[in-house]
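Notes for the one structure printed next.
The values are calculated or read from the model by the stated rules, or taken from the named source; none is laboratory data. Being a predicted model, the structure only gives us computed values, none of them experimental. Quick reminder, even Gly has a Cβ in these numbers, built from the backbone with ideal geometry, and neighbours come from all protein chains shown.
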Amino acid sequence: MDSEGIELIKISQVINPEDVHRLREIIPEPHIPHQPFDWSPSAPYDGKLLRHVNVPLPPKVIITDLDQAAIKAQRRAGLILSHYVNDVLNFKADKSMEYLQGRHTEMISARTRGEELILTFANVSPNPFSVRIYTSDGKRVLSAFQLAAPSEMVKKNRQLTEANLMPSVSEQPGTPSSSTLKGYKSHSMPDNFRLNYAQATQRLLSLVPPERYDSKKRHAGQDKNLQTSNYTVHRGWNGQEERQGERCGTLHVIQGWCQTGHGGQYMSLSKSFTSNPQAYQAHDDWFQSSMQANVWLDALFEHEYPEWHAHLSKAHKAARWFQRDPGPHNGRVIIYHKHSSDHMDDGDLAPTAVCVVSGNYMGGFLDLLDIKTRLHYRPGAVVIGYFGRLWHVVTPHEDRPCTPSEDVVKHGLTPGRVATVSYFPATSFAQLHDKPEGWAKKTNWGRSKTE
């Protein structure tokens, strides 16, 4: 009986249309597997069990006027760039671009030098300030958007640069005491863009589980045979709450890629878009919800590498499947709660953009061996550079308990560190660079010859 004394029935008892108003309400519940979940770090990977894990689902980010929001993001990027050009520190490496290209060829066959990297940077304090780094032959190889350096430091650096005495990368400043960092201007991603980006990304990974973690690849750290390759446990931002689940691993989101080793074959969306029935819509929501962050990143990339931006944007428009992705890269990797081994992104063309989206942690520095640089790489930091030529690693990190901010609570974020890499696979660009806008959708990446 309901509150009005009407006898409720099951779906099997519905015969006539008038029976529907007597149908019992069903409130969906999570599936409870017969096997209990094993919380221990040594638990073996069980794909069936992990599909039923209760992972927090942040609410969808709502942006009422996407066009106006994009305009605001472009204006905000212009404002930050106007400060960046006046505040950025310039440094010169002792290696040429030709040397880095040769190093790239060498590293394809030798990518496990982690011990050497650790020894190289063991006693180096990370640089928290915005920098541009040039090769010995004057090519800009990296642009980092972090904090604005003190005015006296900028003034001295600018005087040396203008006198053709650009300081060496070995002279980069380290991190002052943590309390003083709060007083510096920031060139990092604005908090409102970053928090929306974090919320949208954590939501995507709640709906579309990351790929299983393979410690033999560049995103290193754990055993693929353990459930910790895909799932981790935390106790809230303060480290004192009840045990909770959280995703971890990597997710490749690419609008047009070729199977490895088959660069001349037809392209397709990466498998993340079809990994489950809700995946396609989840990706569409993600591109819309993170649109301001991506517009902001696009503006930074165009400012620092305008020629590459023109080439990549043309190819991106040919491949674009989701209209709210501004480009210029057609691929992203989301890295959730993981660090990396030492590597080069040898399949990527042109500069790529890496960004820390969220987290509260110790460590997680970005180390670049050949240009002798260790960056602080805190949430909001953006680094654009030739990571296909720069031998680099993101160091291990540990969550740092803290009192969650009102913004964190509002956006429904869990404490795991989230970073993204925006890149363009070289094999994809080879097919797309001369194609017209909309080519991928009109021809299904060339399968239909009618455009």
Taking segment 162-191 and keeping only residues that are closer than 22 Å to Ile80 by Cα and in a helix (DSSP H, G or I), one is left with Thr180, Leu181, Asp191
Those residues of segment 313-329 which are modelled with pLDDT of 95 or more and within 22 Å of Val356 (Cβ to Cβ), in sequence order: Pro328, His329
For segment 203-257, what are the residues that are assigned to a helix (DSSP H, G or I), touching a Lys or Arg at 6+ places or on another chain (Cβ under 8 Å) and at pLDDT 85 or above? Arg203, Leu205, Ser206
Within segment 426-451, tally of residues that are in a helix (DSSP H, G or I) and within 12 Å of Gly256 (Cβ to Cβ): 10
Which listed residue is crowded, with 21+ Cβ neighbours inside 10 Å and over 25 Å from Gln255 (Cα atoms), from Gly359, Gly363, Gly380, Gly385: Gly359
Inspect segment 393-406 for any residue being touching a Leu at 6+ places or on another chain (Cβ under 7 Å) and crowded, with 18+ Cβ neighbours inside 10 Å and give the result as yes or no. yes
Taking the stated definitions as given, is Val253 touching a residue at least 12 places away in the same chain (Cβ under 8 Å), out of contact with any Cys (no Cβ under 7 Å at 6 or more places or on another chain) and surrounded by fewer than 21 Cβ atoms within 10 Å (Cβ to Cβ)? no
Report, by residue number, each residue of segment 59-74 that is among the polar types (S, T, N, Q) and either touching a residue at least 24 places away in the same chain (Cβ under 8 Å) or in a loop (DSSP other than H, G, I, E, B) (or both). Thr64, Gln74
